[in-house]
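Heads up: the structure comes next, in structure tokens.
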Amino acid sequence: MRAKILEAVESGDIENLRAPIEWNETPPIFARAGDRNSPRVRSFAEAIDALKARSFDGAGRETLAILAAIFEQPYVKVTRGPAVTYVWPAFAVKQTPTPSPETRLAMYRCARFANLSLRNDIGLPIIERLGIGADGTWHYFYSG
């Protein structure tokens, strides 16, 4: 799934994310509960429009750039019961209050323009994260 997403990202056309999105039984989650600034995706047909709407430029280029930045970072394996999810970037899950200058810069690359002024509870930027299950299912891509 990661390779398919990166292939779409490298194409520069958000429409090419349609294939990896539709590989799932249901669309990935593109907004956390309570995130009023992100449109809800209830069907595959709405997915690309939702990603365009989340993108600062309205065409999805910001979304593609963030996906590329996310996949440049290491991932972390999260196990909850029998479920295994690989989460990019690792610092989305394991944050320290004093990241290195390189990590802090990487965090800003993984943040939406609309979220640059926001901070989490330990004062770091609100970054995008992406989760792919061990079975290749794209579970989510959202700020958190």
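The values are calculated or read from the model by the stated rules, or taken from the named source; none is laboratory data. Since we're looking at a predicted model, the values are computed, not measured. Quick reminder, even Gly has a Cβ in these numbers, built from the backbone with ideal geometry, and neighbours come from all protein chains shown.
General observations
Yes or no, residue by residue, for (1) outside any helix (DSSP H, G or I); (2) touching a helix residue (DSSP H, G or I) at 6+ places or on another chain (Cβ under 7 Å); (3) at pLDDT 90 or above:
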position: 26; (1), (2), (3): yes, no, no
position: 31; (1), (2), (3): yes, no, no
position: 34; (1), (2), (3): yes, no, no
position: 41; (1), (2), (3): yes, yes, no
position: 49; (1), (2), (3): no, no, yes
position: 59; (1), (2), (3): yes, yes, yes
position: 64; (1), (2), (3): no, yes, yes
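- Only one of 113, 141 that is at pLDDT 85 or above and closer than 21 Å to residue 6 by Cβ: 141
- Subset of region 128-144 that is touching a residue at least 12 places away in the same chain (Cβ under 8 Å) and in a loop (DSSP other than H, G, I, E, B) - its residue that is surrounded by the most Cβ atoms within 10 Å (Cβ to Cβ): 137
- Contact annotation: residue pairs with Cβ atoms under 7 Å, 6 or more positions apart or on different chains, pairing a residue in region 104-127 that is free of Cβ contacts under 8 Å to residues at least 24 places away in the same chain and surrounded by 11 or more Cβ atoms within 10 Å (Cβ to Cβ) with a partner that is part of a loop (DSSP other than H, G, I, E, B) and among the polar types (S, T, N, Q), are 126/120.
- Filtering 94, 77 for residues that are within 25 Å of residue 125 (Cα to Cα) and out of contact with any Phe, Trp or Tyr (no Cβ under 7 Å at 6 or more places or on another chain) leaves a single hit, 94.
- Test: residue in region 63-79 that is aromatic (Phe, Trp, Tyr) and more than 22 Å from residue 13 (Cα to Cα): yes
- Yes/no for residue 55 being closer than 25 Å to residue 10 by Cβ, in contact with a Lys or Arg (Cβ under 7 Å, 6 or more places away or on another chain) and at pLDDT below 90: no
- Residue satisfying condition, being of a type in the set (Asp, Glu) and modelled with pLDDT of 95 or more, within set 22, 7: 7
- So residue 70, is it in contact (Cβ under 8 Å) with a residue 60 or more places away in the chain and under 17 Å from the mean Cα position of the chain (by Cα): yes
- Members of region 73-103 that are within 27 Å of residue 136 (Cβ to Cβ), β-branched (Val, Ile, Thr), outside any loop (DSSP other than H, G, I, E, B) and touching a residue at least 12 places away in the same chain (Cβ under 8 Å): 76, 78, 84, 85, 87
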